[in-house]
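Here's the structure we're looking at; comments come further down.
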Amino acid sequence: MASMRDIKRRKESIQSTQQITKAMKLVSTVKLQRAKVRAEGAKPYFNKMYATVHSILEKSGNIDHQYLKHNGSDMKGVIVVTSNRGLAGGYNNNVVKLLADSGLSKDQVQVYGIGKKGVDGLAHRGYKIVADESDIINEPLFADAIIIGKTLLDAYSAGEIGEIYLAYTNFKNTVVHEPRLLKLLPIETEEVDEASKEMQSIGHKQDQGQPEEENSRKAAPMNYEPEAEEALDLLVPKYINSIIFGSFIEAVASENGARMQAMDAATSNAEEMISSLSLAYNRARQGAITQELTEIISGAEALN
């Protein structure tokens, strides 16, 4: 059985750790509030961008464009968005595990890392890291998304990669964060149909109550001016950059939400451990007092 001194030292150590976890929880809560407002404000725009581009392609028929067909390369460029810091529960590991369990061959994946934890985790699993832009996630800007998007589009156009994916954590609410793997390019007909069904529920309430004329206009064939190729050369990069930047914003909110939950759980666990140690300390103290009294009484009887 541990001595009273050992129990007291252990209790003081846990109390110090609890103060740290409380402070980290408060900091994460403040950061979460800012990130949550930003993520919830930007989500409608990025959802609409995603749905609009897929809707345009769905109504465009068969267009021969470099972004809509395979270029022959088997390599896959994956943007992996995690964080630079730990102590966020399973936030970082969930994204790493998502890619590892995605079915994509490790030998055919080129990782463009945003966040040291994801880069380290995937490098440890044997993935090839072709770019490490971890500093971006500290204060993500749209200009950063443009640079990343251009890098991958240039690699796609040059035939270095044949597909572009995005792995990040989707922010649903304060306690729900969903790891997600999106295929950005090439956009195929089957994916357009699935995306349209997925986004249909998002815009369903908005479509209710609209005139039939407006709904029928949405189903009309897509016309391009001057040419479809020129329009897609401008539209697709904006679509890629917007989705990447949206993933940055949601990832930051998810990270702070996950860290807040992790620190709250750690604080609660520390409280339970302190209670258990306090009980053990009191029992040891009571036992020491009882033993001392017994020795005193035995000594007094011996003298008599």
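Let me spell out the model: positive unit charges on the Cβ of Lys and Arg, negative unit charges on the Cβ of Asp and Glu, origin at the Cα centre of the chain. What dipole size does that give, in debye rounded to 20? Don't skip to the answer; put the middle values down first.
On the way: 35 positive and 41 negative charges, 344 e Å.
Value, rounded to 20: 1660 debye.
Among 150, 76, 11, the largest mean-square fluctuation in a Gaussian network model of the chain (Cα springs under 10 Å) belongs to 11.
Using a Gaussian network model of the chain in which every pair of alpha carbons under 10 angstrom is joined by a spring, one finds that among 159, 90, 103 the greatest mean-square fluctuation is at 103. Applied to segment 10-21, the Karplus parametrisation 6.51 cos²θ - 1.76 cosθ + 1.60 on θ = phi - 60° returns per-residue 3J(HN,Hα) values of 4, 5, 5, 5, 5, 4, 5, 5, 5, 4, 5, 5 Hz, with x for Gly and Pro.
Here are some pairs, 69/172; 22/183; 43/106; 128/150; 36/116; which of them have Cα atoms lying more than 28 Å apart in this structure?
Details: 69/172 32 Å; 22/183 39 Å; 43/106 31 Å; 128/150 20 Å; 36/116 22 Å.
69/172; 22/183; 43/106, as the Cα separations exceed 28 Å there.
Note on 248, 46: ascending count of other Cβ atoms within 10 Å places them as 46, 248, the fewest first.
A Förster radius of 25 Å combined with the Cβ-Cβ distance from residue 30 to residue 143 puts the calculated FRET efficiency at roughly 0.45. For the chain, the longest principal axis of the C-alpha atoms and the axis of helix 91-100 are separated by about 50°. Applying a DSSP loop filter and a limit of 10 other Cβ atoms within 10 Å to the GluC sites (Glu not before Pro) in segment 217-304 leaves 227. The angle between the Cα long axis of helix 189-207 and the main principal axis of the chain comes to about 70°, on a 0 to 90 degree scale.
In the chain, Cα pairs under 8 Å separated by at least six residues give a relative contact order of 32 percent. Among 167, 100, 39, the largest mean-square fluctuation in a Gaussian network model of the chain, built with springs joining Cα atoms closer than 10 Å, belongs to 100. In this structure the amide hydrogen of residue 161, modeled in the peptide plane, comes within under 5 Å of the amide hydrogens of 156, none closer than 5 places in sequence on its chain.
How tilted is helix 228-303 with respect to the longest principal axis of the chain? Cα atoms for both, answer in degrees (0 to 90, nearest 10). Approximately 10 degrees, to the nearest ten. Go through [x] 49; [y] 55; [z] 41 and flag the label whose value is the computed percent of Cα pairs over 27 Å apart for this structure. It is the value labelled [y].
Read the figures in this text as sums done on the coordinates, not as results from a lab. No experiment lies behind these values; they were computed from the predicted model shown. Neighbour counts are summed over all protein chains in view; Cβ atoms, including those assigned to glycine, are modelled from backbone coordinates with ideal geometry.
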